[in-house]
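Report on the following structure.
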Amino acid sequence: MVTSSILVLLGLGFLSAVILGVASKLLYVKEDPKIAEVEEALLGANCGGCGYPGCSGAAAAVVAGKAGCDVCVAGGQEIAERVARVMGQTVSYREPQVAVPGCSGGDRATALYRYEGAMDCRAQALLAGGGKKCGLGCLGLGTCVRVCPFGAIHMGPKGVPVVSPELCRACGKCADACPRGVIAVLGMTARLLHLNQTDDCLAPCRQKCPAQIDIPRYIQNIKRGDFAAAVQTIKERNPLLLVCGRVCPHPCESVCRRGAIDEPVAINPLKRYVADWEMNSGTRLPVALAPDTGKRAAIVGGGPAGLSCAYFLRRLGHHPVIFEAMPELGGQLRYGIPEYRLPNKVLDWEIEGILRLGVDVRKNARFGRDFTLESLEAEGFDTIFLGLGAWQGSNLRCENEEAKGVLSGTEFLTAVGMGAKVELGEHVIVVGGGNTAIDAARTARRLGSKVTLMYRRTREEMPANAIEIIGAEEEGVEFLFLAGQTRVITDASGQTTHLEYITMKLGEPDASGRRRPEPIEGSETRIRADNILAAIGQKPDLSCLYEEGGECRLEQTRWKTIVADPVTLQTILPHVFTGGDVFTGPDIAVSAIGQGRRAARFMHEYMTSGEIRPPERLQREMIPDTLFSTLDGYPELPRVKIPEVCAEDRLCGFEEVELTISGEEAKRESCRCLNCGSLCHGEEPEFVMIEDDAA
Amino acid sequence: MTEYFLLIISAIFVNNILLAQYLGNCPFLGCSRNIGTAAGMGAAVVFVVVMASGFTWAIQRYVLVPFSLDYLQTIVFILVIAALVQFVEMFLKKAAPPLYKSLGIFLPLITTNCAVLGIAIICQRKDYGIVKTLVFSFASALGFMLALLLMAAIRERFELSRLPQSMKGAPAGLVMAGLMSLAFFAFKGMIS
């Protein structure tokens, strides 16, 4: 029995072995030996960070072509190169990415929740909806800390996660785990392309800024004394920080929550401080560029919109060429804003920084004369950006407006900006109430004339920046409010001698919400005027779009602006984009800069994927819930005083009027920032703590 | 017909291979961390159990009984099942790559799953015919899958709850298995 059983088992075993042996020969599936080689090249940590089942799974995916050589998130560039050698490929530049927690925590992330024992953000979000009033805020239970395979996240003192960038491998596990989308793994390209969305955590200043600068972040950078990081933060949205630090009317400050306590944070002077810090440090901070795409874009107009568009296209890896009609770049920044507000050497330094990234320029090239849309297309540009600006000054809009001595404010400022000798008479009247009017008045004052600024409404309705009005007043500009020009009076030679105006009174508010001025009959008065500067408005000059046949391939509005999609800035020609004053009509520089980036974003999409998909949930208006003004329990801190040159010294020339604050002042001012998110510092949330019995 | 219906109900619920007969506890604890894995394992078990029961039934009927080698049943079955699983794995890899992909990583684990051997032997003990063997093994494997999925669902929720450190993982799993077993005990006596 023993013998037979041994024999049977041996026989059975032998049979099985033979069958399996034959089967393995017959059923052999050829496996790519590369899989083993690739697996060899990988780290072998089996961390699963890549999303494949272990390193062998990742290796199979690489060989099958489903994953790139950079599949290993833990290994980084070196491993990617090893894998690429096995696969016979080369690794191009791999954009560094890092996880970025987006919640500042405010006051509430310190309150932790316990809900039926659940100590997991995902469970918390599922079971109790998170329980916090702010739908965007960090839940603070640290699920991201636990899922991070590399130990790169820890809970900070404020109860929100802190990422150690040197450990972060950008595997994205934290972003997947976070039920609130607080953490995002982003590379530079994604950050440059991002437009504000209504579900982002947006402090009011970030919503208001036309360039969408991450203001709280750069102020926090300053607070830590990391000025370089602050500069880089701003440069992700705005390449003209020296310019904006000087001339921006800072709409952001008007919505700053600090304003509900004492005064808004001096956001713009802080920007100016770090921008000046970079310039005065003598070296330019390196600006990261995406790998070359080989695509070319023509930027028509070297003003703020064009410069911004070119800068962002360059950073995204394209090759922009700026076509500028004037002898120098800068547009209205150079030719419209007087030297005492924005010195040319500052502008030059800033523009040089953009050009050094690899942006080409062709100066003295006027659109419509030296080149056309057709010639740009023929030259092989993949996309075209039209940032022509609004250069055409309006007429005086009164009788005898063509008289000798009547100039448009913009022409006057351009002439002065180009260094031409402009002779003004003793008495100069500036008509208008905007920034151009003030600039013209203050410039004329510096040329030695007695200047009166005439405006048909009152001081309260003036669209110019308050600080500019005060500056003009200090410099001795006279104001004549509620006065509407009716007639220019000339002497026998046709030279202007007087301006006749009629006194106005304010009537009912009009469509723009401002009270409409109405003339008082019979109140005509004359005022001495050797020169009259009309600064009533500007509009784009689109005559250059008309080619020889008189045909224009682009549409225009009745305000002489180019018709384009308000989100994507794409015109009716799919490869032509626009932005800046030529699209909006006269507006502030930072709007043009913001639109330059937006156009660059969609041009990038057009050039890389061939189609344009505007993101959903774009933030266009202020988000109502975030505009609360009840802030209790914060001590008052005085706002920093911006030093200025005193009025007497200013009139001697075109030296810069506003001076910069000191580093200490900047740091102190940055501490005034509440570091708001969208709902931080609002009313107390309705329910804060849900404790279960066992806890 | 009623006979088969009762056979199926009995195999799935009353005599659940895991919770009433305590066979195959290893994958029950090892593969019940999440529902996805549990479903994969369950499907692989269904597949292998039906194959193995059919094959061993044939071995028993045409090899062991004619040569009066019944006493070698256990060892022969183990050998046959192990070889079979290996063969099936190779065959699937060649013939049905998608099926291999979904069952692949679980197949080698089943070689050592005593539920497979258990079901094959139960069929012999009860002297089932080939049809009954196949139906019974299929239903038993379904019962295995059911218990595994229930366990995985419970353990997924465990992940989120606060347990004393000493109870985390296998201890809590074993206690759960016991409680589930008690719950399934309620089916006892439903079918005599």
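The values are calculated or read from the model by the stated rules, or taken from the named source; none is laboratory data. Just so it is clear, the structure is predicted and the values come from calculations on it, not from any experiment. Cβ: placed from backbone, ideal geometry, glycine included. Neighbour counts: every protein chain shown.
With respect to the numbered conditions (1) farther than 21 Å from A:T189 by Cα; (2) assigned by TED's automatic domain parsing to the domain that holds A:G368; (3) touching a helix residue (DSSP H, G or I) at 6+ places or on another chain (Cβ under 6 Å), which one is the sole condition not fulfilled by A:I588?
Among (1) farther than 21 Å from A:T189 by Cα; (2) assigned by TED's automatic domain parsing to the domain that holds A:G368; (3) touching a helix residue (DSSP H, G or I) at 6+ places or on another chain (Cβ under 6 Å), the lone unmet condition for A:I588 is (3).
Return the total of residues in segment A:385-430 being crowded, with 20+ Cβ neighbours inside 10 Å and part of a helix (DSSP H, G or I).
Number satisfying all stated conditions: 6.
From the list A:T458, A:T452, which residue is without any contact (Cβ under 8 Å) to a residue 60 or more places away in the chain, touching a strand residue (DSSP E or B) at 6+ places or on another chain (Cβ under 9 Å) and farther than 27 Å from A:R366 by Cβ?
The match here is A:T458.
Suppose the filter is part of a helix (DSSP H, G or I) and under 23 Å from B:A153 (Cα atoms); does B:G42 pass it?
Yes: the conditions hold for B:G42.
For (1) among the charged types (D, E, K, R); (2) at pLDDT 90 or above; (3) part of a helix (DSSP H, G or I), each residue gets a yes or a no:
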| residue | (1), (2), (3) |
| --- | --- |
| A:P566 | no, yes, no |
| A:L573 | no, yes, no |
| A:F577 | no, yes, no |
| A:F583 | no, yes, yes |
| A:P586 | no, no, no |
| A:V590 | no, yes, yes |
| A:I593 | no, yes, yes |
| A:R597 | yes, yes, yes |
| A:R620 | yes, no, no |
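State whether the residues of segment B:101-120 include one that is at pLDDT 90 or above, small (G, A, S) and either touching a strand residue (DSSP E or B) at 6+ places or on another chain (Cβ under 8 Å) or crowded, with 21+ Cβ neighbours inside 10 Å (or both).
Yes - at least one qualifying residue is present in segment B:101-120.
Does A:A365 fit the bill of being part of a loop (DSSP other than H, G, I, E, B) and either touching a His at 6+ places or on another chain (Cβ under 7 Å) or modelled with pLDDT of 90 or more (or both)?
yes
Could you grab me the full set of residues in segment A:319-336 that are β-branched (V, I, T) and surrounded by 24 or more Cβ atoms within 10 Å (Cβ to Cβ)?
Matches in segment A:319-336: A:I322 only.
May I ask you to verify whether B:Y71 is touching a Ser or Thr at 6+ places or on another chain (Cβ under 9 Å) and not hydrophobic (A, V, I, L, M, F, W, C)?
yes
Within 14 Å of chain B (Cβ to nearest Cβ), within 23 Å of A:L679 (Cβ to Cβ) and modelled with pLDDT of 80 or more, is that true of A:P161?
The answer is no for A:P161.
Go through segment A:628-666 residue by residue and tally those that are surrounded by fewer than 12 Cβ atoms within 10 Å (Cβ to Cβ) and among the β-branched types (V, I, T).
The total comes to 1.
Quick check on this structure: which one of A:G11, A:G44 is assigned to a loop (DSSP other than H, G, I, E, B), of a type outside the set (F, W, Y) and more than 22 Å from B:Y100 (Cβ to Cβ)?
A:G44
In segment A:62-79, what residues are at pLDDT below 80 and assigned to a helix (DSSP H, G or I)?
A:C69, A:D70, A:V71, A:G76, A:Q77, A:E78
Among the candidates B:F67, B:F91, B:F13, single out the residue that is more than 26 Å from B:E156 (Cα to Cα), of a type in the set (F, W, Y) and either touching a residue at least 40 places away in the same chain (Cβ under 8 Å) or part of a helix (DSSP H, G or I) (or both).
B:F91 is the lone residue from the list that is more than 26 Å from B:E156 (Cα to Cα), of a type in the set (F, W, Y) and either touching a residue at least 40 places away in the same chain (Cβ under 8 Å) or part of a helix (DSSP H, G or I) (or both).
Would you please list the contacts, defined by Cβ atoms under 8 Å and residues six or more apart or on different chains, that run from a residue in segment A:5-30 that is facing another protein chain (nearest Cβ under 8 Å) and within 16 Å of B:V76 (Cβ to Cβ) to a residue that is surrounded by 10 or more Cβ atoms within 10 Å (Cβ to Cβ) and among the β-branched types (V, I, T)?
A:V8/B:V76; A:L9/B:I75; A:L9/B:V76; A:L12/B:V76; A:L12/B:V80; A:S16/B:V80
Looking at segment A:513-533, which of its residues are part of a loop (DSSP other than H, G, I, E, B) and touching a Leu at 6+ places or on another chain (Cβ under 8 Å)?
Selection gives A:A529, A:D530.
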